[in-house]
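Notes follow the structure.
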Amino acid sequence: KNQVEQSPQSLIILEGKNCTLQCNYTVSPFSNLRWYKQDTGRGPVSLTIMTFSENTKSNGRYTATLDADTKQSSLHITASQLSDSASYICVVSAGSARQLTFGSGTQLTVLP
Amino acid sequence: EAQVTQNPRYLITVTGKKLTVTCSQNMNHEYMSWYRQDPGLGLRQIYYSMNVEVTDKGDVPEGYKVSRKEKRNFPLILESPSPNQTSLYFCASSRMGFDSPLHFGNGTRLTVT
């Protein structure tokens, strides 16, 4: 069964600090890995999409890495801002069908 | 503005009373899908559609129906809602490319009493 595990479940940091969120997956056959940001009460918004051949992808202060050998991904947030407070969801796409497996998310809180 | 629009945002109903949640996108996307989000479980796919008149089951299709008569609309139908369908529902759309991001609506919070 395809699974996506995220850690930590929740994280509290101070404004201006960096943080790294983790995603481990057992999805086969792997197609791509996505990170989404979900603000409270809103739908998720895409941050990055990485295919098998991509190791790193950046979107502003967000940098995602992918190690397809160990089936691990991380999302690094640099110089955090209050607006970064949200749930960050790792999503892995399998095969040729549009089958997506979602992680439960990491709830990030940035304090002033 | 490119967007996915869901209605209603909030819905309280009683067991067994048929309801429809509408979803519309203005981006000419081929792919549309429905998800439910429950605490601790993450988003789970209910149904998806790759084009008009083409729909398929996701991970949790029981108790739900969908239709795709027009490219822009993808309504979710609960013929006989039950309390275990109380959840936060999201509609999403995207182009058909594997690297195309999903665009989500703002959700419908459904309570079935």
Looking at segment B:102-113 only, could you name the residues that are within 14 Å of chain A (Cβ to nearest Cβ) and either buried (at least 17 other Cβ atoms within 10 Å of the Cβ) or farther than 25 Å from A:Lys37 by Cα (or both)?
B:Leu102, B:His103, B:Phe104, B:Gly105, B:Gly107, B:Thr108
On the basis of being touching a residue at least 40 places away in the same chain (Cβ under 8 Å) and more than 12 Å from B:Val4 (Cα to Cα), does B:Leu110 make the cut?
yes
Segment B:2-23, residues that are on the phi < 0 side of the Ramachandran plot, of a type outside the set (A, V, I, L, M) and more than 12 Å from chain A (Cβ to nearest Cβ)
B:Asn7, B:Pro8, B:Thr13, B:Thr15, B:Lys17, B:Lys18, B:Thr20, B:Thr22
Determine if segment B:76-83 includes at least one residue that is within 12 Å of chain A (Cβ to nearest Cβ) and either assigned to a strand (DSSP E or B) or touching a Cys at 6+ places or on another chain (Cβ under 7 Å) (or both).
no
So, in segment B:84-101, exactly how many residues are open to solvent by less than 50 Å² (accessible area, probe 1.4 Å) and either under 17 Å from the mean Cα position of the chain (by Cα) or away from every other protein chain (no Cβ under 11 Å) (or both)?
10
Name the strands (runs of 3 or more DSSP E) wholly within segment A:3-112 that hold at least 1 residues that are open to solvent by 30 Å² or more (accessible area, probe 1.4 Å)?
A:3-7, A:10-14, A:19-26, A:30-38, A:45-51, A:56-59, A:62-67, A:72-77, A:99-102, A:106-111
Sort out which residues of segment B:47-72 are open to solvent by 40 Å² or more (accessible area, probe 1.4 Å) and either closer than 16 Å to B:Thr22 by Cβ or away from chain A (no Cβ under 11 Å) (or both), and write them in order of number.
B:Asn51, B:Val52, B:Glu53, B:Val54, B:Thr55, B:Glu62, B:Gly63, B:Lys65, B:Lys69, B:Glu70, B:Lys71, B:Arg72
Six or more apart or on different chains, Cβ atoms under 7 Å: show the pairs whose first residue is in segment A:98-112 and closer than 30 Å to B:Met50 by Cα and whose second is open to solvent by less than 10 Å² (accessible area, probe 1.4 Å) and part of a loop (DSSP other than H, G, I, E, B).
A:Thr101/A:Val27
May I ask you to verify whether B:Glu79 is open to solvent by 10 Å² or more (accessible area, probe 1.4 Å), more than 28 Å from A:Lys1 (Cα to Cα) and at pLDDT below 95?
no
Candidate set: segment B:24-43, residues that are more than 8 Å from chain A (Cβ to nearest Cβ) and in a loop (DSSP other than H, G, I, E, B); chosen: the one surrounded by the most Cβ atoms within 10 Å (Cβ to Cβ):
B:His29
Considering only residues that are within 16 Å of B:Tyr31 (Cβ to Cβ), assigned to a strand (DSSP E or B) and in contact (Cβ under 8 Å) with a residue 12 or more places away in the chain, which ones fall in segment B:44-66?
B:Gln45, B:Ile46, B:Tyr47, B:Tyr48, B:Ser49, B:Met50, B:Asn51, B:Val54, B:Thr55, B:Val66
Looking only at segment A:77-102, count every residue that is more than 13 Å from A:Lys37 (Cβ to Cβ) and either within 11 Å of chain B (Cβ to nearest Cβ) or over 15 Å from the mean Cα position of the chain (by Cα) (or both) and tell me the total.
12
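The values are calculated or read from the model by the stated rules, or taken from the named source; none is laboratory data. Owing to the predicted nature of the structure, the values given are computational and were not obtained by experimental measurement. When we count neighbours, we look across all protein chains shown, and the Cβ atoms used for this are built from the backbone with ideal geometry, even at glycine. For the accessible areas, the whole protein counts, side chains as well, though only heavy atoms, and no ligand, DNA or RNA atoms are used. Shrake-Rupley method; radii C 1.70, N 1.55, O 1.52, S 1.80 Å.
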